[in-house]
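K.L.:
Okay, here's the structure, questions in a sec.
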Amino acid sequence: MKSGLAPELTTRNEQVREEYVRDPLRVTKVSARWYHELDKAMRLTRRYPEKMPNIPVLLLAAGDDYVVDKRAGLAWFNHLEINHKMYKEWDGLYHELYNEPEKEKVFHYTIGFVNMLFP
């Protein structure tokens, strides 16, 4: 079946959108098996947050995400029992944060998180 993931839902960056359309490796269809496995993995992750290893987690969320439900990600994040975790929501940005026009700020924030852990 068609994935239904249109480039205009993933980023506001017009150049990246155009590259998506021309990319011969872009996935436009998904199988029932692929969807089943994805759904299964998401359910298991939500069901057992206590099984998450105690590793640093940085969860970045797009303020205007038309691909995933950021509330579900935040709910999962809030149940994690780990020592180092940070959540950052980027107002006005779309799903692919590292492809947005503000990507340098997103990269800088991410690098800051890593540098905080490993000064």
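Only the coordinates and a few stated rules stand behind these numbers; no lab work does. Just so it is clear, the model here is predicted, and its values are computed rather than measured. Cβ atoms come from the backbone with ideal geometry, glycine included; neighbour counts cover every protein chain shown.
K.L.:
If I take R0 = 22 Å and measure r between the Cβ atoms of R43 and I82 in this structure, what FRET efficiency does the formula 1/(1 + (r/R0)^6) give, to the nearest 0.05?
P.N.:
Values: r = 20 Å, r/R0 = 0.92.
The computed FRET efficiency comes out at 0.60.
K.L.:
Quick one: net charge around R17, please, counting Lys, Arg +1 and Asp, Glu -1 for every other residue with C-beta under 13 Å from its C-beta.
P.N.:
-4
K.L.:
Separate question: Residue separation times 0.36 nm, minus the C-alpha to C-alpha distance between K103 and V68: what's the value? Spell out each step's value before the answer.
P.N.:
Details: separation 35, 0.36 × 35 = 12.60 nm, distance 1.90 nm.
Result for the pair: 10.7 nm of gain on full extension.
K.L.:
For V30, what charge total do you get from the other residues with a beta carbon under 11 Å from its beta carbon, if Lys and Arg give +1 and Asp and Glu give -1?
P.N.:
Net charge around V30: +2.
K.L.:
Mean residue ellipticity at 222 nm from the helices of the chain, using -39,500 (n - 2.57) per DSSP H segment of n ≥ 4 over the full residue count, to the nearest 500 deg cm²/dmol?
P.N.:
-13000 deg cm²/dmol
K.L.:
Could you pull the Rg and Dmax for the chain, using just the Cα atoms, both in Å?
P.N.:
Considering the chain through its Cα atoms, Rg and Dmax are 16.2, 47 Å.
K.L.:
Considering only C-alpha atoms, what is the centroid distance from the stretch 20-44 to the stretch 57-119, in Å?
P.N.:
Here the two parts' Cα centres lie 22 Å apart.
K.L.:
For M116 and E8, compute 0.36 nm times the residue count separating them, minus their Cα-Cα distance, and round to one decimal in nm.
P.N.:
Length gained, M116 through E8: 35.5 nm.
K.L.:
Determine which aspartates and glutamates satisfy two conditions relative to K103: a Cα distance under 20 Å, and not lying fewer than 8 residues away in the same chain.
P.N.:
E8, E14, E18, E19, D64, D65, E89, D91
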